[in-house]
Every structure is written in structure tokens, then in C-alpha cells.
Amino acid sequence: MEGSRVETSSAAAETPVVISVENIRKSYGSFEVLRGISTEIREKDVTCIVGPSGGGKSTFIRTLNGLEPINEGRIRILDYTLPGWRKETEQLRRSVGMVFQSFNLFMHLTVRENITLGPTAALKVSRDEANARAERLLDRVGIGNQVDKYPGQLSGGQQQRVAIARALAMEPKIMLFDEPTSALDPEMVKEVLEVIRDLAASGMTMLVVTHEMGFAREVAHRVFFMADGVLSVDADPETFFASPKDERHAAFLSKVL
Amino acid sequence: MFALEEQVEEKRSPWGLVAVMATLALIGVAAWKYVNWQLLASLDFSVVWDYRLALAKGLMVTLYLTAIAGLCGLTAGTVLAALSQSRLALVRWVVVAYVELFRNTPILVQLIWIHFALPVFTGWNTTALQSGTIAIALQASAYFSEIVRGGIESVPKGQWEAAYALGLPARTTWGRVILPPALKSMIPALVNLTISFFKASSILSVLQVSELMTITNRISNAVYKPIELFTAAAVIYFVLGYILSQLTLRLERAAK
């Protein structure tokens with residue numbers, strides 16, 4: 001069954017496909033969280049995934065770097081395939097950055113160590129080069145002066161920007177954001193969205209699970225609607241927010257807009 | 001908070017003081033009537049001083065055994081705890097069997113197995129001290145692994161996910177991400193367990209391993225002053241155990 005395959009509306013249709021999701025399914029016990037999802041993501045696509053809570057958005061994005069194993073189907077990302085061998089999944093994860101809702105910084109390591117750990121341990125980058133990367137990236141996310149602090153000494157917004165810098169230090173080809181602003185105090189949402197927006201403008205291929213409709217409308221090339229484990233709408237933001245495809249989509253839009 | 005303060009106030013009421021005085025008076029009367037003061041006066045603690053060198057040597061062996069328990073326990077226990085998270089059911093099963101076997105059989109029996117049964121099967125004879133060392137290391141690794149496992153499980157899932165998402169090698173995930181915070185949260189439990197082994201090492205006296213309890217017993221048999229010597233041994237165990245637990249409290253506060 002071709003689950004919920006829908007027409008793609010990629011902004012840059014001529015760029016190569018970097019993620020190809022083929023009819024994936026995932027269950028927790030008897031509850032099916034992902035019910036046959038298929039889609040393709042092209043290089044430089046900025047895709048926002050929206051929908052009601054419990055609809056499978058987070059689970060879906062977490063399958064893309066193998067954090068959630070899938071029960072059926074197949075995912076191809078860059079040159080890698082999921083499900084695959086552990087070593088291959090490890091390689092895949094080094095090319096696909098992920099930012100979590102709750103930051104998940106290493107609380108016992110300084111900001112610098114958080115950012116340099118991946119490059120030095122996983123990519124065998126020299127310490128000097130890793131340090132240079134860390135400082136450059138922290139400047140880029142606007143907290144260059146916090147390099148020797150511990151995450152606990154930073155605000156939520158700053159921590160999330162460190163988490164973004166940590167992911168970027170691996171020089172990933174694709175970035176996954178799993179509700180990056182949902183755990184933040186309202187006044188800190190903007191500073192984090194600003195960073196993500198800049199990243200999108202730089203041409204990074206990104207998937208963003210978000211509840212920030214304004215952000216999705218403004219930054220995304222494509223918007224996915226996920227509910228009940230099905231990816232039922234895949235449209236450019238204008239179409240997505242102006243003309244609902246079905247009742248579920250219309251009901252969601254009426255609540256969030 | 002308020003309830004606690006009220007209780008403190010109550011204790012300061014005159015009736016509390018009267019109760020304490022009455023209890024003390026009762027104990028005093030009982031002591032006067034029943035305690036054999038003659039015998040008590042005849043206790044001669046100078047014998048402890050006379051045998052101070054032998055006792056010190058015994059204490060050294062006890063401390064050596066405690067160090068073995070602490071070091072082997074922590075290293076082997078960490079390895080066992082990591083293996084208990086293995087993806088392979090067989091590995092997990094073997095670890096569980098090992099841990100449960102050593103936790104749920106008396107150390108006395110383990111000592112007998114190692115000292116008397118092992119040579120029968122392997123032809124490998126061990127001295128009492130070697131047997132004691134092996135037994136205490138095996139048992140400590142089983143007990144420590146449970147604490148380390150608890151410590152590992154106390155590390156939030158998000159830390160694992162962040163390590164996975166970066167594609168960190170397993171070595172780095174364990175060594176830099178999971179174990180440091182896990183060990184920190186385990187410090188009190190680890191020290192408590194080490195103190196338990198400090199005291200429990202006295203069981204090795206059944207093999208005549210020359211640790212503090214064996215030495216105490218030997219001197220006591222030679223000079224027939226059991227009350228003085230065993231009391232002295234208890235004081236040594238208490239003082240060192242108490243110092244160790246106070247040091248941990250300090251360490252814990254410093255870590256925070």
C-alpha cells in the first residue's frame with residue numbers, strides 16, 4: 001500500500017533527492033504510530049512538519065536518523081539505508097544533525113566540550129580545528145562569549161543555540177529539528193527561530209517539526225501535515241495555509257490560525 | 001516545614017525534659033543494681049596497647065581487602081553493568097546469573113567454594129589470603145554492578161539520544177557522556193558499599209586470613225581478654241567507617 005504518498009511540491013525540483021522514505025510503518029505494541037509514510041526530500045528543501053500532538057511528527061523525524069527503529073519500509077538518506085547495520089547508522093548520524101525539544105546538552109561538559117566532542121571523537125578532527133569550529137559556530141549563533149560555561153549556566157534559548165552549534169559542528173548535510181522551541185519560554189523562541197531561519201537561508205536541507213505556524217509559513221518551502229500517523233498533506237506554505245485539503249486539515253488550521 | 005518546627009518546639013517543653021530525666025534516673029538505678037562493677041573495673045585495655053603492632057598489621061590487611069573490594073568492585077562492576085545493557089540476550093542473561101548468584105548466596109559458602117572446592121576442580125591451590133581476595137572481588141563486583149546499573153539508568157534518556165544523534169563511537173558515549181554523570185550520582189552508594197565491605201571483610205577470619213578480626217581473635221585466645229580486644233576492634237571499625245562516611249558527605253557536597 002502506498003500509504004499517504006502525495007504530490008511533492010519541492011521548491012527546488014531540480015536538486016537531487018537526499019531523503020527517500022518508502023512506506024514506513026512503526027508501532028508501539030498494538031498502537032500504530034506511523035501508518036505507511038512515503039515522501040522524498042530534495043537537497044536544500046526546508047520542510048516544516050505540523051499537525052496535532054500525537055500525530056506521529058516527532059516519531060517520524062526520529063526515524064530519519066534511526067533513533068526510532070521502523071517496523072516496515074525503508075529510508076534512504078544520502079548514501080545510507082535504514083534499517084541498516086549499526087556502523088552504517090552511526091555513519092548516517094554523523095551526516096545528519098539533530099536538535100531536540102529538550103536540548104539534551106551534556107550537562108557535565110562545558111559548551112566548548114559539548115561542541116568539540118562529536119568532531120574529535122567521531123570525525124577524528126584535530127582538537128585545534130574542533131575548537132576553531134566551536135568558536136566560529138558559537139559566534140554564528142550569537143553566543144561566542146559563553147564558550148567556557150556549563151549548559152546549566154545558560155538560559156533555555158542559549159542552550160538550544162548551543163545544541164544547534166553542536167549539531168552543526170559535525171558539518172552535516174541535513175538538519176533535523178524536533179520541536180526546537182516547544183520547551184522554551186516565549187521570549188526566547190525568537191532568538192532560536194532566528195538561528196534556524198539563517199540556517200535555512202544558507203541552503204541547508206532541513207526538516208523542522210514545529211508548532212510555530214508563522215515560522216513555517218515564512219521559512220518553509222514545503223509544509224507537511226501529519227495526523228494519526230499519516231502524512232496527508234504536502235504543499236507549499238501558501239497553498240497549505242490557504243486551502244485545506246480535507247476536513248482534518250481544515251480543523252487543524254482553524255485551531256492554529 | 002511548619003509541622004517540623006512545631007515538633008521541635010514540643011521537644012523543648014518542660015514535660016520532655018522531665019521524661020528525659022526520669023529515663024536517665026531509671027537507667028542509673030538499673031546500672032547501680034545490675035551492672036557487675038567489679039568485673040567492669042577489672043577490664044584491662046592496656047592489652048590493646050601491648051598488641052598495637054599486630055592489630056595495626058591486621059588493620060592493614062583489612063584495608064587492603066577493602067581496597068580490593070572498592071577497586072575491583074568498581075571496575076568489574078562497571079563492566080558488568082555495561083554488559084547488562086547489551087543487545088545480546090545471552091550476554092545479559094550471563095551477567096544477571098553471575099550477579100544474582102553472588103548476591104544471593106552467603107559469602108561464607110563462597111569462601112568455602114573458592115578455598116576448598118576450586119582446588120579440587122582446577123588443581124589450583126590458593127593461600128587463604130588469595131582465596132579471600134578472590135572471594136571479596138567476585139562478590140564486590142556483583143554488588144557494585146547493581147549500583148552502577150542504577151547510576152547508568154539515572155542518566156536521562158536524552159543524553160543517550162544526543163550521543164547517538166552525533167554518531168559518537170560507543171567508547172566515547174560510555175566514557176564521556178554516560179559514565180561521568182552516572183558515577184557522580186553514585187558516590188554515596190559506592191562509599192556506603194565500600195564501608196560495608198570494610199566491615200564484612202571480617203568474615204574472612206573463618207579462613208584465618210590475617211585481617212583485623214582474625215588477629216583480634218588470635219590475641220584474644222592467647223591472652224584471654226575477649227571483651228577488651230573485640231571492643232577495641234569495634235572501635236577501630238567504627239572510627240574508620242565513620243571517617244569514611246563523613247568524607248563522602250564532604251565529597252558529595254563539593255561535587256554539587
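Just for the stretch B:196-216: of the residues that are surrounded by fewer than 19 Cβ atoms within 10 Å (Cβ to Cβ) and part of a helix (DSSP H, G or I), which one is nearest to the other protein chains (Cβ to nearest Cβ)?
B:Ser196
Residues to consider are B:Gly167, B:Gly175; find the one that is within 13 Å of chain A (Cβ to nearest Cβ), small (Gly, Ala, Ser), in a helix (DSSP H, G or I) and over 22 Å from B:Asn104 (Cβ atoms).
That would be B:Gly175, the only listed residue that is within 13 Å of chain A (Cβ to nearest Cβ), small (Gly, Ala, Ser), in a helix (DSSP H, G or I) and over 22 Å from B:Asn104 (Cβ atoms).
Are there any helices (runs of 4 or more DSSP H) wholly within the stretch A:127-227 with 2 or more residues that are free of Cβ contacts under 8 Å to residues at least 60 places away in the same chain, crowded, with 24+ Cβ neighbours inside 10 Å and out of contact with any Lys or Arg (no Cβ under 6 Å at 6 or more places or on another chain), and if so which?
Here the list reads A:156-168, A:186-201.
Taking the stretch B:184-195 only, how many residues are more than 9 Å from chain A (Cβ to nearest Cβ) and either of a type in the set (S, T, N, Q) or surrounded by fewer than 18 Cβ atoms within 10 Å (Cβ to Cβ) (or both)?
Applying the first criterion (more than 9 Å from chain A (Cβ to nearest Cβ)) to the stretch B:184-195 yields B:185-195.
When the remaining residues are screened for being either of a type in the set (S, T, N, Q) or surrounded by fewer than 18 Cβ atoms within 10 Å (Cβ to Cβ) (or both), the result is B:185, B:187-189, B:192, B:194.
Matching residues across the stretch B:184-195 total 6.
Give the residue that is nearest to A:Leu64 (Cα to Cα), with candidates limited to residues of the stretch A:18-36 that are in a strand (DSSP E or B) and small (Gly, Ala, Ser).
A:Ser20
In this structure, is A:Val18 aliphatic (A, V, I, L, M) and under 28 Å from B:Pro180 (Cα atoms)?
It is false that A:Val18 is aliphatic (A, V, I, L, M) and under 28 Å from B:Pro180 (Cα atoms).
Of all residues in the stretch A:87-123, which are of a type in the set (D, E, K, R) and at the interface with chain B (Cβ under 9 Å from one of its Cβ atoms)? Lay out the reasoning, then the answer.
Step one: filter the stretch A:87-123 for residues of a type in the set (D, E, K, R), giving A:87-88, A:90, A:93-94, A:112-113.
Answer for the stretch A:87-123, where residues must be of a type in the set (D, E, K, R) and at the interface with chain B (Cβ under 9 Å from one of its Cβ atoms): A:Glu90, A:Arg93, A:Arg94, A:Glu113.
Does the stretch B:181-188 contain at least one residue that is in a helix (DSSP H, G or I) and more than 30 Å from A:Arg166 (Cα to Cα)?
Yes, because at least one residue in the stretch B:181-188 is in a helix (DSSP H, G or I) and more than 30 Å from A:Arg166 (Cα to Cα).
Which of the residues that make up the stretch B:130-148 are touching a Phe, Trp or Tyr at 6+ places or on another chain (Cβ under 7 Å) and among the aliphatic types (A, V, I, L, M)?
B:Ile136, B:Leu138, B:Ala140, B:Ala142
State all residues of the stretch A:37-52 that are in contact with a helix residue (DSSP H, G or I) (Cβ under 8 Å, 6 or more places away or on another chain) and not in a strand (DSSP E or B); if no residue qualifies, say none.
A:Gly51, A:Pro52
Before we move on, is B:Thr231 surrounded by fewer than 19 Cβ atoms within 10 Å (Cβ to Cβ) and within 30 Å of A:Leu64 (Cβ to Cβ)?
On the way: surrounded by fewer than 19 Cβ atoms within 10 Å (Cβ to Cβ): yes; within 30 Å of A:Leu64 (Cβ to Cβ): no.
No.
Going through the stretch A:66-85 one residue at a time, which ones are within 14 Å of chain B (Cβ to nearest Cβ), not hydrophobic (A, V, I, L, M, F, W, C) and not in a loop (DSSP other than H, G, I, E, B)?
Within the stretch A:66-85, A:Tyr80 is the sole residue that qualifies.
Return the pair list, or none, for Cβ contacts closer than 6 Å from residues in the stretch B:159-185 that are within 17 Å of B:Val79 (Cα to Cα) to residues that are in a helix (DSSP H, G or I) and of a type in the set (S, T, N, Q), at least 6 apart or on different chains.
From residues that are within 17 Å of B:Val79 (Cα to Cα), the pairs are B:Val177/B:Gln159.
The numbers here are math on the coordinates, done by the rules we state, and not lab data. Please read all numbers here as calculations on a predicted model, not as lab measurements. Because the Cβ atoms are built from the backbone with ideal geometry, glycine has one as well, and the counts that use them run over all protein chains shown.
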